[in-house]
Amino acid sequence: MSRFFSEKYSVLEAYTPGEQPRDMQYVKLNTNESPFPPSPNARKLAANAAESLQLYCDPTCAKLTEKFAEVYGIGTDEVIFTNGSDDALNFAFMAFCDDAHPAVFADITYGFYSVFAALNRIPYIEIPLKEDFTVRADDYIGVNKTIFIANPNAPTGVALPLCEIERILKSNPDNVVIVDEAYVDFGAQSAVSLIHDYDNLLVTQTFSKSRSLAGGRLGMAIANKRLIQDLNTIKYSTNPYNVNSMTQAAGVGTLMDEEYTQKNCKTIIENRAYLTAQLEKLGFVHTDSMTNFVFAKHPSFDGGRLYEALKERGVLVRHFSKERIRDYNRITVGTKEQIDILLKNIREILEDNT
Ligand code: PMP
């Protein structure tokens, strides 16, 4: 830290993104990326957009907004596009939280929530998940705070049924409930259908996972137009050009290829079933994942040791040192070939240690 760094950030603990080591070619199952390339139209339109990079991008993302509204059946004023959904989540912390509206989220959830809260100097409360890592919806009934719920949750993969989300929305009419649906396309129920029924509902989604655009950084928030206006006020006060032209074009291309996305999601769901079945045969226990990752632990093999041993063998998974979950690893569901390499290595590691 330099002697010039503002006092207000001196205790800030920055988010640690998943590692991207360059020392060898890894089988990368640690950051929940798609193993499939962006759709053909996404690649084509992004390349065309590169021809005009001398111009600023469209701050309103007009073409992308129109295409998205058509595909999702919502109004063009009911969505805002952002630089990944992280950007939308940060905007939501800025727009809807303060000393009078502290944030509340689970103790085991997406690690960026507490970082955004600290960055914006917002008080927050963590609500423990149940022993089995499910959310107890009753804990959020009438809490009278701005609620952030990742649904499905990360890194646990567990989803909350839509009726429970609705109960939380109903019981907190004077607070915004942000439902982070980064992984919703892999089997959970989306709350987007409820945006006209609840003026306090804001849903965030991303093109990073099911739509293979993690490196393009494209996310969005979907809600009634007044909440979207609030986020636009924040966006136009920070960086109106937060989604570059190539990414806007790639987003349009992706939405032209919805069958491609659906086919890829179906493959990931099938591969998830294969991975969990094979892990069970090796003695692992896991949560019921509705995402593109599996959260698993072996009863007699330390989670941190397994992560290290896999890394030495060129396979990256994600391990968290937080007390409650340090026995587990979060494993991205890759292609069948990647899964087989992972399983072969796990088998050998377990054999070497018996
Ligand atoms: N929410 C959750 C629960 C996530 O796991 C992630 C991915 N790290 C994000 C939001 C943000 O993803 P992105 O910024 O790539 O849209």
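The values are calculated or read from the model by the stated rules, or taken from the named source; none is laboratory data. Computed from a predicted structure; not experimentally measured. Note that each Cβ is placed from the backbone with ideal geometry, even for glycine, and that neighbours are counted across all protein chains shown.
Quick rundown of the values:
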| item | result |
| --- | --- |
| Single condition Asp288 does not satisfy, out of (1) closer than 26 Å to Val177 by Cα; (2) in contact with a strand residue (DSSP E or B) (Cβ under 8 Å, 6 or more places away or on another chain) | (2) |
| Residues located in region 312-354, provided they are among the aliphatic types (A, V, I, L, M), closer than 11 Å to Leu275 by Cβ and part of a loop (DSSP other than H, G, I, E, B) | Val333 |
| Out of Leu160, Leu129, sole residue that is farther than 27 Å from Gln229 by Cα, in contact with a helix residue (DSSP H, G or I) (Cβ under 7 Å, 6 or more places away or on another chain) and assigned to a loop (DSSP other than H, G, I, E, B) | Leu160 |
| Residue ID - nearest to Asn175 (Cα to Cα), chosen from residues in region 195-222 that are away from the ligand (no atom under 16 Å from the Cβ) and either hydrophobic (A, V, I, L, M, F, W, C) or in contact with a strand residue (DSSP E or B) (Cβ under 7 Å, 6 or more places away or on another chain) (or both) | Asn200 |
| Residue in region 133-147 that is closer than 20 Å to Thr16 by Cβ and either assigned by TED's automatic domain parsing to the domain that holds Val11 or assigned to a loop (DSSP other than H, G, I, E, B) (or both) present | no |
| Answer residue from region 292-311, given it is assigned to a loop (DSSP other than H, G, I, E, B) and either in contact with a strand residue (DSSP E or B) (Cβ under 9 Å, 6 or more places away or on another chain) or free of Cβ contacts under 8 Å to residues at least 24 places away in the same chain (or both) and is surrounded by the most Cβ atoms within 10 Å (Cβ to Cβ) among those | Asn292 |
| Failed criterion for Ala62 (all others in (1) among the hydrophobic types (A, V, I, L, M, F, W, C); (2) in the same structural domain as Thr335 (by TED's automatic domain parsing); (3) more than 23 Å from the chain's Cα centre (by Cα) hold) | (2) |
| Yes/no for Ala92 being under 30 Å from Lys63 (Cα atoms), crowded, with 22+ Cβ neighbours inside 10 Å, touching a Ser or Thr at 6+ places or on another chain (Cβ under 6 Å) and of a type in the set (Gly, Ala, Ser) | no |
| Matching residues, region 1-18, being touching a helix residue (DSSP H, G or I) at 6+ places or on another chain (Cβ under 9 Å) and within 16 Å of the ligand (Cβ to nearest atom) | Ala14, Tyr15 |
| Residue in region 160-177 that is within 16 Å of the ligand (Cβ to nearest atom) and either at pLDDT below 95 or aromatic (Phe, Trp, Tyr) (or both) present | no |
| From the options Pro161, Pro102, Pro152, Pro123, residue that is surrounded by 21 or more Cβ atoms within 10 Å (Cβ to Cβ) and at negative phi | Pro152 |
| Tabulated pairs, region 113-133, first touching a residue at least 60 places away in the same chain (Cβ under 8 Å), second of a type in the set (Ser, Thr, Tyr), C-beta under 6 angstrom, 6+ apart or interchain | Val115/Tyr15; Phe133/Thr156; Phe133/Thr287 |
| Hey, Ile168 in the same structural domain as Asp58 (by TED's automatic domain parsing) and free of Cβ contacts under 8 Å to residues at least 60 places away in the same chain or not | yes |
| Residue in region 240-258 that is more than 16 Å from the ligand (Cβ to nearest atom), out of contact with any helix residue (DSSP H, G or I) (no Cβ under 9 Å at 6 or more places or on another chain) and without any contact (Cβ under 8 Å) to a residue 12 or more places away in the chain present | no |
| Pick from region 95-108, criterion within 13 Å of the ligand (Cβ to nearest atom) and free of Cβ contacts under 8 Å to residues at least 60 places away in the same chain, ranking: farthest from Gln229 (Cα to Cα) | Ala106 |
| Any chance Ala182 is at negative phi, touching a Ser or Thr at 6+ places or on another chain (Cβ under 8 Å) and part of a loop (DSSP other than H, G, I, E, B) | yes |
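Residue-wise test of (1) in a helix (DSSP H, G or I); (2) closer than 17 Å to Ile228 by Cβ.
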residue: Met24; (1), (2): no, no
residue: Ala49; (1), (2): yes, no
residue: Cys57; (1), (2): no, no
residue: Ala69; (1), (2): yes, yes
residue: Ser85; (1), (2): yes, yes
residue: Phe93; (1), (2): yes, yes
